[in-house]
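> This is the structure I want to talk about, given as structure tokens.
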Amino acid sequence: ALERVTHNSKHVNIKDSMKNSEQLALIKTPTVKLDDGTYGLNTECRFFTDDIPYGVLIARWVGQELGVETPFIDEIIEWAGSIGGGERFLKNDKVDLEYCLSGCHTTGIPPSYGINNVQDILD
């Protein structure tokens with residue numbers, strides 16, 4: 001829906017948007033040249049610094065609060081943490097609130113703003 005509003009898109013669902021979006025096609029995989037002359041993933045890019053802690057992690061927290069399993073989201077968070085500096089946003093199959101709220105790493109999860117349950121988001 002956001003793509004339709006902001007980019008006058010005609011995509012009717014998320015799958016169609018992901019497969020056919022001209023806007024998304026403009027986003028290239030962020031790479032950096034390594035010391036050996038090859039290229040590797042740039043873990044300093046927006047995906048690691050913003051999209052995970054201020055997007056995907058919020059979706060994971062909401063799912064957790066609603067009792068909805070999020071295996072794909074979990075996989076993304078764990079993968080990004082394993083190559084992007086070792087952030088451990090998840091612990092024992094839950095968002096690690098102690099870590100996320102400790103100041104070690106800033107995140108956008110609602111408890112960072114004093115919102116401790118999904119109902120408070122809706123109010």
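The values are calculated or read from the model by the stated rules, or taken from the named source; none is laboratory data. Treat the numbers as computed from the prediction; the structure is a model and nothing was measured. Glycine also receives a Cβ, built like all others from the backbone with ideal geometry; neighbour counts cover every protein chain displayed. The area values use the complete protein model at the heavy-atom level, side chains included, leaving out ligands, DNA and RNA. Shrake-Rupley method; radii C 1.70, N 1.55, O 1.52, S 1.80 Å.
> Where Rh is the Kirkwood radius over the Cα pairs of the range 73-123, the temperature 4 °C and the viscosity 1.567 mPa s, what D in µm²/s does Stokes-Einstein return? All intermediate terms of the calculation are to be shown ahead of the outcome.
On the way: Rh = 11.8 Å.
Once the numbers are plugged in, D ends up at 109 µm²/s.
> For the range 46-58, in order, what is each residue's ³J(HN,Hα) by Karplus, 6.51 cos²θ - 1.76 cosθ + 1.60 with θ = phi - 60°, in whole Hz (x at glycine and Pro)?
Here the 3J(HN,Hα) series is 3, 4, 7, 8, 10, 4, 6, x, 10, x, 4, 5, 5 Hz.
> Let me spell out the model: positive unit charges on the Cβ of Lys and Arg, negative unit charges on the Cβ of Asp and Glu, origin at the Cα centre of the chain. What dipole size does that give, in debye rounded to 20?
Numbers: 11 positive and 19 negative charges, 89 e Å.
Magnitude of the dipole: close to 420 debye.
> Also, quick follow-up: Counting only the backbone N, which residues of the range 53-91 are under 17 Å from the spot 7 Å out from the Cα of Ser102 toward its beta-carbon?
Those under the cut-off are 81-82, 85-91.
> Skipping prolines and chain starts, which residues have an amide H placed within reach, meaning under 5 Å, of the one on Leu90, given they are 5 or more residues away or on another chain?
Residues meeting the criterion, in which the H sits 1.01 Å from N, are Asp96.
> Also, I was wondering about something else. Using θ = phi - 60° and the Karplus relation 6.51 cos²θ - 1.76 cosθ + 1.60, list the HN-Hα couplings for the range 33-38 in order, rounded to whole Hz, with x at every Gly or Pro.
So the J values, rounded to whole Hz, are 7, 8, 4, 7, x, 7.
> List the longest stretch of the chain that has no exposed loop site; here a site is one of the trypsin sites (Lys or Arg not before Pro) assigned by DSSP to anything other than H, G, I, E or B, with at most 15 other Cβ within 10 Å. Numbers along the way, then the final one.
On the way: sites that count: Lys10, Lys28, Arg88.
The longest uninterrupted stretch comes out as 29-87.
> Carbon and sulfur atoms: what percent of the 1.4 Å accessible area of the range 49-115 do they account for?
Details: 2050 of 3790 Å².
Here it works out to 54 percent.
> Ok, one more. What's the lysine pair count for the chain at a Cα cut-off below 30 Å, pairs eight or more apart or interchain?
On the way: Lys10/Lys19; Lys10/Lys28; Lys15/Lys28; Lys15/Lys94; Lys19/Lys28; Lys19/Lys33.
Going through the chain pair by pair, I get 6.
> Under 10 Å, Cα contacts only: if you run a Gaussian network model on the chain, which one of Gly103, Gly63, Gly37 comes out with the highest mean-square fluctuation?
Among Gly103, Gly63, Gly37, the largest GNM mean-square fluctuation belongs to Gly37.
> Taking P(r) over Cα pairs in 5 Å bins from 0, in percent as the quantity of interest, determine which of [x] 2, 8, 14, 15, 14, 13, 11, 9, 7, 4, 2, 0; [y] 2, 12, 22, 27, 23, 10, 4, 1, 0; [z] 2, 9, 16, 18, 17, 16, 13, 6, 2, 1, 0 was computed from the displayed structure.
So the calculated entry is the one marked [z].
> When the chain is modelled as a GNM with alpha-carbon springs shorter than 10 Å, which of Thr106, Thr70, Thr38 fluctuates the most?
Thr38
> So what J values fall out for the range 21-32 if you push phi through Karplus, 6.51 cos²θ - 1.76 cosθ + 1.60 with θ = phi - 60°, rounded to Hz, Gly and Pro as x?
My calculation for the range 21-32 gives 5, 5, 5, 5, 5, 6, 7, 9, 5, x, 10, 9 Hz in order.
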